[in-house]
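Report on the following structure.
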Amino acid sequence: MAQTMSLKSGYITTMRGLNALSRSVGLNRWLDARRDGSRLAHWARSLGAIHDLDGLVALDVPWWTYNAIDEVTKFLETRPGARVFEYGSGASTIWLAKRAGHITSVEHHAGWFQRMEQTLADTKDLCPVELRLVAPDTSPAADDLYISQKAGEKGQSFEAYASAIGAEPDALYDVIVIDGRARNACLAHAARHLAPDGMIVFDNTGRDRYMQAIKASDLSAQHLRGLTPALPYPDKTTLLRKADAAA
């Protein structure tokens, strides 16, 4: 795990260095002039924005596959007042807040929560966004479903976080984004609060543990694999709907 983290850190440092070089020689300007008309140019421009909130916000993309972004864009165009719940805040929060009617986003990391508060305050023309800090549980949940498997946070409990969508017991959401911690637990709770014709956006579903939960659900799945902003390799985002709505 330490070796993987070191490689990841090294890659991020390298790409940020290359981004600075691209900026100095004018390559970024060249890509910016073409990115709206070329998916490849947009993706190439985004590679220097890995783990860079401001960079992804400037590029106006969430960190999902481009194919998923296209589908969610079309979905929201027919629902300008969409009510959205999001597990895990970030560039997607800003992107959604430019296209939806109301966002509720839960964040587990206090430092990132503060960063997002500032970014939201500094960004104009957004719909109302309720950003909530829901820290890991102080004691482990009895159900292993709530225990994180993510490196660096493995073993931490996120029952309060996954259950946060139930703060309004009767609330239904047009879009629910699962891109945070204990995602399988989040899916279990999200399914109960999905509007009849709503959509769940479940990111990074190339991971086996996520696919198992999706297959076990009663939801219809659309798997969208392909280019992803800021990533040098293909990833997969899955869109989930109630079976009768997808038919």
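Kindly evaluate GLU86 against the criterion of being in a strand (DSSP E or B) and open to solvent by 30 Å² or more (accessible area, probe 1.4 Å). Give the steps one after another, and end with the answer.
Working: in a strand (DSSP E or B): yes; open to solvent by 30 Å² or more (accessible area, probe 1.4 Å): no.
Spelling it out, it is not the case that GLU86 is in a strand (DSSP E or B) and open to solvent by 30 Å² or more (accessible area, probe 1.4 Å).
Looking at GLN114, GLN149, which one is open to solvent by 30 Å² or more (accessible area, probe 1.4 Å), in contact with a Lys or Arg (Cβ under 9 Å, 6 or more places away or on another chain) and within 17 Å of GLY180 (Cβ to Cβ)?
Details: GLN114 fails: in contact with a Lys or Arg (Cβ under 9 Å, 6 or more places away or on another chain).
Sole residue among the options that is open to solvent by 30 Å² or more (accessible area, probe 1.4 Å), in contact with a Lys or Arg (Cβ under 9 Å, 6 or more places away or on another chain) and within 17 Å of GLY180 (Cβ to Cβ): GLN149.
So which residues in region 184-216 are under 20 Å from ALA171 (Cβ atoms), open to solvent by 10 Å² or more (accessible area, probe 1.4 Å) and of a type outside the set (A, V, I, L, M, F, W, C), if there are any at all?
HIS189, ARG192, HIS193, PRO196, ASP197 - these are the residues of region 184-216 that are under 20 Å from ALA171 (Cβ atoms), open to solvent by 10 Å² or more (accessible area, probe 1.4 Å) and of a type outside the set (A, V, I, L, M, F, W, C).
So the check is Cβ under 7 Å with 6+ separation or different chains; which pairs have a first residue in region 164-182 that's more than 14 Å from HIS108 (Cα to Cα) and a second one that's of a type in the set (D, E, K, R) and buried (at least 24 other Cβ atoms within 10 Å of the Cβ)?
What qualifies is VAL177/GLU86.
Give me the residue from region 183-224 that is part of a loop (DSSP other than H, G, I, E, B) and small (Gly, Ala, Ser) and, out of that set, farthest from ALA245 (Cα to Cα). Reasoning before the result, please.
As a first pass, look at region 183-224 and keep what is part of a loop (DSSP other than H, G, I, E, B): 204-207, 217-218.
In the following step, the residues that additionally are small (Gly, Ala, Ser) were identified as 206, 217.
On the way: GLY206: 24, SER217: 15 Å.
The qualifying residue farthest from ALA245 (Cα to Cα) is GLY206.
Take the residues of region 225-240 that are of a type in the set (Val, Ile, Thr) and assigned to a strand (DSSP E or B): which is surrounded by the fewest Cβ atoms within 10 Å (Cβ to Cβ)?
Initially, region 225-240 is screened for residues of a type in the set (Val, Ile, Thr), giving 228, 237-238.
Going one step further and asking which of them are assigned to a strand (DSSP E or B), we end up with 237-238.
Values: THR237: 28, THR238: 24.
This residue is THR238.
In this structure, is SER46 of a type in the set (Gly, Ala, Ser) and either loosely packed, with under 15 Cβ neighbours inside 10 Å or under 26 Å from LYS124 (Cα atoms) (or both)? Outline the logic, then answer.
Values: of a type in the set (Gly, Ala, Ser): yes; either loosely packed, with under 15 Cβ neighbours inside 10 Å or under 26 Å from LYS124 (Cα atoms) (or both): yes.
In short, yes.
Yes/no matrix, rows are residues, columns are (1) surrounded by 20 or more Cβ atoms within 10 Å (Cβ to Cβ); (2) closer than 24 Å to PHE75 by Cβ; (3) out of contact with any strand residue (DSSP E or B) (no Cβ under 7 Å at 6 or more places or on another chain):
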position	(1), (2), (3)
GLN118	no, no, yes
LEU126	no, yes, yes
GLU130	no, yes, no
ASP144	no, no, yes
GLY166	no, yes, yes
GLY180	yes, yes, no
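When you scan region 51-72, how many residues do you find that are crowded, with 20+ Cβ neighbours inside 10 Å and not in a helix (DSSP H, G or I)?
5
The values are calculated or read from the model by the stated rules, or taken from the named source; none is laboratory data. Everything quoted here is computed from the prediction, not taken from an experiment. Please note: Cβ atoms are built from the backbone with ideal geometry, for glycine as well, and neighbour counts cover all protein chains shown. Side chains are part of the model used for accessible areas, which takes the heavy atoms of the whole protein and leaves out ligands, DNA and RNA. Shrake-Rupley method; radii C 1.70, N 1.55, O 1.52, S 1.80 Å.
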